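What follows is a single structure, written as structure tokens, with notes after it.
The values are calculated or read from the model by the stated rules, or taken from the named source; none is laboratory data. Given the structure is predicted, the values throughout are model-derived calculations rather than measurements. All Cβ positions, glycine included, derive from the backbone under ideal geometry; neighbour counts span all protein chains shown. Side chains are part of the model used for accessible areas, which takes the heavy atoms of the whole protein and leaves out ligands, DNA and RNA. Shrake-Rupley method; radii C 1.70, N 1.55, O 1.52, S 1.80 Å.
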Amino acid sequence: VPLLARFGQALGSSGVDAIAAVEYREGRLKVRFHPQRVDGRAAREQLRDACARAGLKLQFAGAREPTATVGVQT
């Protein structure tokens, strides 16, 4: 729950309709975004930067994949 709360704070109000599903496993979140919300490079960079400011690492599964892994920065 703390990781999800931190991720939610990183996304802010813009993340309310961006997430399609979230799964927690082995200390990380697997997040599936609505594809239209993470389609562009700028949108992905903005999400990565917001997560980094919150001490989180966001990594997309692929260039066109709407799925990402979120964990604590080490």
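Numbers for the structure displayed
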quantity: Given (1) assigned to a strand (DSSP E or B); (2) polar (S, T, N, Q); (3) surrounded by fewer than 12 Cβ atoms within 10 Å (Cβ to Cβ), number of the condition residue 69 does not satisfy; calculated: (3)
quantity: Pair list, Cβ < 6 Å and 6+ apart or interchain, from segment 59-74 residues that are touching a residue at least 40 places away in the same chain (Cβ under 8 Å) to residues that are surrounded by 13 or more Cβ atoms within 10 Å (Cβ to Cβ) and β-branched (Val, Ile, Thr); calculated: 66/38; 70/31
quantity: Residues (among the hydroxyl-bearing types (Ser, Thr, Tyr) and either within 11 Å of the chain's Cα centre (by Cα) or farther than 21 Å from residue 73 by Cα (or both)) located in segment 1-51; calculated: 13, 14
quantity: Which numbered condition residue 22 fails, given (1) touching a strand residue (DSSP E or B) at 6+ places or on another chain (Cβ under 7 Å); (2) among the β-branched types (Val, Ile, Thr); (3) in contact (Cβ under 8 Å) with a residue 24 or more places away in the chain; calculated: (3)
quantity: Selection within segment 10-52 - under 13 Å from residue 70 (Cα atoms) and either open to solvent by 80 Å² or more (accessible area, probe 1.4 Å) or assigned to a loop (DSSP other than H, G, I, E, B) (or both); calculated: 24, 25, 26, 27, 28, 30, 32
